[in-house]
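Structure record follows, encoded as structure tokens.
The values are calculated or read from the model by the stated rules, or taken from the named source; none is laboratory data. Computed from a predicted model, the values in this text were never measured in an experiment. Here Cβ is always computed from backbone atoms with ideal geometry, including for glycine, and neighbour counts include all displayed protein chains.
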Amino acid sequence: MKLSLAIKILYTILVMGVLPFSIRSYGWMNLLWFSNIAMILTVFALWLEHRVLMGMMALSVCLFDSLWIVDWSVAFLFGFHPIGGTEYMFDDSMLLFLRNFSLYHLVLPVILLYGLSRLGYDRRCLFYQTGFAWLILWIVFLFSERSANINWVFGPVNAQSGLHPWFYFSLVLLVVPLVVYLPLHAVFVRFFGRIGETGLPESEPVLQPKARA
């Protein structure tokens, strides 16, 4: 077992606490946000110790959740949003109880990076996650409400009207793998790509005891 049992249990409890209230409050379609998908699938990545699934979820949300953390932290400390996307966390018309469930964004990137540090990063994750993301984006674009703007398929943060929806969506399909995933992929390959099955860099062979004559 390469991953801590305590982390697996605690993270699973967190997700089991967040998920029912999220569905009840926002509906099933809300689960198609990349962050919510990653929150759920990371449970399986932890228990199965699945390096490909862990890497896919890290590509999917580490950048976005890092931006979420920055925006929320600045708004919490200084009262303004430098990026946007966390305004709902300070909306008094929403129950504080429900808003606090979104604080899992603070935990998820840490869990994913911990998983990569123990399991390593598989180069195939870039291709698998790109295909998976395109599938989710098409579903959201075709079947979700424009006002929900899930995964920003209709505009950055809020739905936009300056560009034709299909043209903007085409840009999203290109930007996600090329601007979001590809740089992260390079970073993950650099820092986690050489971690082998033993948890050690592949260039550092495990020493074997010498046979006695």
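Observations
- Residue among LEU108, LEU116, LEU137 that alone is touching a residue at least 12 places away in the same chain (Cβ under 8 Å), touching an Asp or Glu at 6+ places or on another chain (Cβ under 6 Å) and crowded, with 19+ Cβ neighbours inside 10 Å: LEU108
- The set of residues from the stretch 36-73 being more than 14 Å from the chain's Cα centre (by Cα) and at pLDDT below 95 comprises VAL70, ASP71, TRP72, SER73.
- Residue match in the stretch 205-212 (condition: at pLDDT below 95, under 29 Å from LEU119 (Cα atoms) and surrounded by 16 or more Cβ atoms within 10 Å (Cβ to Cβ)): no
- In the stretch 167-190, the residues that are free of Cβ contacts under 8 Å to residues at least 12 places away in the same chain and more than 17 Å from the chain's Cα centre (by Cα): PHE167, SER170, LEU171, LEU174, ARG190
- Among (1) at negative phi; (2) without any contact (Cβ under 8 Å) to a residue 24 or more places away in the chain; (3) surrounded by 14 or more Cβ atoms within 10 Å (Cβ to Cβ) - the single one ASN149 does not satisfy: (1)
- Some residue of the stretch 77-93 being closer than 25 Å to LEU19 by Cβ and of a type in the set (A, V, I, L, M): yes
- Which numbered condition ARG123 fails, given (1) loosely packed, with under 15 Cβ neighbours inside 10 Å; (2) out of contact with any helix residue (DSSP H, G or I) (no Cβ under 7 Å at 6 or more places or on another chain): (2)
- Residues that are of a type in the set (Phe, Trp, Tyr) and over 14 Å from the mean Cα position of the chain (by Cα), drawn from the stretch 1-35: TYR11, PHE21, TYR26, TRP28
- Where THR86 falls short, out of the listed (1) farther than 22 Å from ILE111 by Cα; (2) hydroxyl-bearing (Ser, Thr, Tyr); (3) crowded, with 19+ Cβ neighbours inside 10 Å: (1)
- If you filter the stretch 77-89 down to residues that are part of a helix (DSSP H, G or I) and either of a type in the set (D, E, K, R) or out of contact with any Phe, Trp or Tyr (no Cβ under 8 Å at 6 or more places or on another chain) (or both), you find that the one that is nearest to PRO156 (Cα to Cα) is GLU87.
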